[in-house]
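None of the figures in this text is laboratory data; all of them are computed from the coordinates on show. This is a predicted model, so every value here is computed, not measured. Every residue, glycine as well, gets a Cβ built from its backbone with ideal geometry; the counts of neighbours run over all protein chains shown.
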Amino acid sequence: MPEITAAIDETGANKLLDTAIAQIGTQTKSGTGNLGPFVASYTVQGTLTNGSVDLIPPGTIRIVDLRLDWHIDLNFGIDLSAILPDFCLPQVCIDIPCVGTVCTPKICIDWPTITVPVSFGDFVKTTADFGLLISLSGGKWKVQAVIQGVPNLQFGASSAALLAAIGLAVTPLLLAIPFIGPFLAIAVDTILAAIAVAGVTGFLGPIITPFVSGIMIPIYEQPQLFRVLPAAGPVDPEVDITIDTIAADVAHNGNEDELVLTADISP
Amino acid sequence: MSLTEAQMVFASVHENALNDILTAFFTDRPRYLVYGSPSFVPTTTVAETTMPAIAFPGIPGGIQWRVRLSIPRVDLFKQSAPLPPQLTLAPGEFSASLAVELCLECRQIKIDPKPPRGTEGGDKGDGGGTDGRKDDRHPQSELTCCKLAVFAVGHIEHVLAANGEDAVALAVDAVEIVDIAPDALESLIECLLFMILQAVLADVRLPLRALRAGAFQLVPVVGPLIEDDQIKMRGNV
């Protein structure tokens with residue numbers, strides 16, 4: 001029989017994970033990714049909120065509707081000369097008596113490269129199964145819930161919305177370019193078609209999924225040399241015990257599923 | 001039946017772990033097992049606790065004494081450790097067994113340091129008094145000790161530790177010493193040790209946090225109570 005047993009039911013586990021996930025806080029990641037044909041640099045932030053906990057023996061914690069609120073700031077460059085046709089101002093020629101025909105010089109427009117900054121936020125919900133990982137490292141016992149497998153996050157609605165946001169961000173930048181008028185709609189449509197929803201999904205998936213797939217939810221963390229009582233003066237030193245082993249499991253006891261931690265100790 | 005029953009959180013500590021924690025306590029703070037008057041324990045240290053001597057008229061400095069306890073070995077209901085027939089372990093109770101050493105500094109007191117006039121050599125005058133004869137029955141000072149095997153039963157109390165956190169303490173309800181005669185003397189010493197053990201164990205306040213090795217939060221609603229060789233408690237997050 002284990003020397004120390006602690007158990008928590010699903011209601012308690014919900015509260016425990018509410019706190020544990022909230023303590024993970026907002027995480028930030030930066031890098032570059034492929035946004036369709038363009039290379040975009042980004043900074044993305046993700047904040048998790050606990051869903052509904054279902055304890056499943058023998059060792060699974062299922063969180064239904066685990067929510068990830070994410071916000072991305074990205075920048076990508078567009079070489080307009082690659083997507084817009086060459087444009088030259090038409091020459092105007094006039095006949096001047098005794099001089100001959102005089103024409104205005106041929107002026108062609110060299111389309112610039114623009115940098116498009118986009119800021120966008122949304123959320124995604126998923127149901128994920130977590131297993132229990134027990135470790136002793138650096139003199140600390142830890143029990144963490146770690147995700148089993150890579151979740152398939154659905155970005156369809158987010159991708160469409162982000163694509164629209166890109167369109168809205170691109171338009172004023174293009175309007176500032178001289179002579180763009182007749183080509184504005186073509187430019188915006190071409191850019192958005194080049195990226196497309198698939199491109200956005202392909203961009204978001206690899207950078208946002210790790211916020212969920214990489215999480216380790218702290219369930220238990222205590223030093224192996226466990227302090228029973230603090231020192232209470234020069235003649236009453238600290239009292240410690242050693243936690244020799246830790247085990248964790250999800251068990252069905254009676255009519256309840258419970259997360260059970262056990263420990264063996266020595267003086 | 002689930003472990004948590006109607007509450008959210010359950011925690012239990014088996015008697016083996018409780019004994020480990022008690023061993024840790026008394027090993028790190030041995031002064032809670034050794035108490036003595038100044039000739040035995042001049043000052044309180046980590047190892048021992050100084051106490052006043054027993055004042056008595058005519059005994060300079062008082063009666064010097066010392067008590068040494070061994071680390072109690074606790075058995076939680078259900079009973080698995082032997083008890084003398086005078087004690088029974090009821091549901092919800094614990095028993096404890098330990099060794100106690102009682103010591104006194106037995107001193108010869110000089111009643112009249114000056115011999116009366118007129119008594120020399122072997123004369124024994126009418127005035128009585130000392131005749132210079134040595135009394136070999138007691139040396140000037142002698143340590144006299146006895147060791148006793150002590151058994152106790154009691155219950156646990158939900159208390160607060162010195163730092164204000166929830167804790168348990170062992171409350172002694174009865175003590176039995178085996179084979180002291182006459183019975184009245186046995187009762188007297190049992191009473192003495194009953195009071196000593198109550199006081200010593202009341203000072204050992206084990207935080208509930210430690211009894212569950214720091215797992216989860218637990219605001220107690222049921223317990224702590226003794227059942228199935230364990231101290232159990234249930235509560236909410």
Query - Principal semi-axes in Å for region B:1-61 [√(5λ), Cα gyration tensor, largest first] - result: 44, 13, 8
Query raised in the report: Quick one: helix B:15-28 against the long Cα principal axis of chain B, what's the angle to the nearest 10°, folded into 0 to 90?
Result: 50 degrees
Query raised in the report: How much mean residue ellipticity at 222 nm does chain A get from its helices, if each DSSP H run of length 4 or more adds -39500 (n - 2.57) and you divide by all residues, to the nearest 500 deg cm²/dmol?
Result: -8500 deg cm²/dmol
Query raised in the report: With r defined as the distance between the Cβ atoms of B:Arg73 and B:Val222 and R0 fixed at 25 Å, what FRET efficiency is calculated, to the nearest 0.05?
Result: 0.35
Report task. Kindly state, to the nearest 0.05, the FRET efficiency for A:Gln27 paired with A:Ser119, given R0 = 22 Å and r defined as their beta-carbon distance. Result -> 0.75
Query raised in the report: Of the listed peptides B:70-77, B:36-43, what is their order by residue-averaged count of other C-beta atoms within 10 Å, with the highest listed first?
Result: B:70-77, B:36-43
Requested in this report: Evaluate the relative contact order of region A:23-212 (contact order divided by residue number), counting alpha-carbon pairs under 8 angstrom at least 6 apart; express in whole percent.
Outcome: 23 percent
Query - Shielding score for B:17-30, defined as the mean number of other chain Cβ atoms within 10 Å - result: 5
Query raised in the report: For A:218-228, what's the mean count of beta carbons from other chains sitting within 10 Å of each residue's beta carbon?
Result: 3
Report summary line: With chain B reduced to its Cα atoms and the Debye formula applied, log10 I(q)/I(0) at q = 0.14, 0.17 1/Å amounts to -0.96, -1.24
Query - Other protein chain Cβ atoms within 10 Å, averaged over every residue that makes up B:212-225 - result: 5
Query raised in the report: Taking the simple approach of a point 7 Å from Cα along Cα-to-Cβ for both B:Glu142 and A:Val99, what is their distance in nm?
Result: 14.5 nm
Query raised in the report: How many Å³ per residue does the convex hull of the Cα positions in the protein assembly as shown occupy?
Result: 218 Å³
Report task. Take the Cα radius of gyration of chain A and divide it by 2.2 N^0.38 Å, with N its residue count; two decimals is plenty. Result -> 1.65
Query raised in the report: In a GNM of chain A with a 10 Å cut-off on Cα contacts, which of A:Pro223, A:Pro172, A:Pro237 has the highest mean-square fluctuation?
Result: A:Pro237
Requested in this report: Could you tell me which Cys residues in chain B have no other cysteine's Cβ under 4.7 Å from their own Cβ, answering none if every one has a partner?
Outcome: B:Cys106, B:Cys146, B:Cys191
Query - Inter-probe distance in nm under a simple model that places probes 7 Å from Cα toward Cβ, at A:Glu238 and A:Leu89 - result: 8.1 nm
Query raised in the report: Distance in nm between label sites at A:Ala161 and A:Ala198, each 7 Å beyond Cα in the beta-carbon direction?
Result: 2.4 nm
Query - Rounded tilt (10° steps) of A:156-175 against the dominant C-alpha axis of chain A - result: 40 degrees
Query raised in the report: Mind checking the angle between helix B:183-202 and chain B's longest principal axis? C-alpha axes, 0 to 90 degrees, to the nearest 10.
Result: 50 degrees
Query raised in the report: Ranking A:Thr32, A:Thr115 by Cβ neighbours within 10 Å, fewest first, what do you get?
Result: A:Thr115, A:Thr32
Query raised in the report: What's the FRET efficiency of A:Glu221 with B:Ser80 using the Cβ-Cβ distance as r and R₀ = 35 Å, to the nearest 0.05?
Result: 0.55
Requested in this report: Over region A:180-248, calculate the relative contact order: mean separation of alpha carbon pairs under 8 Å at least 6 apart, over the residue count, as a percent.
Outcome: 18 percent
Query - Alpha carbon centroid spacing (whole Å) that separates region B:1-77 from region A:103-147 - result: 59 Å
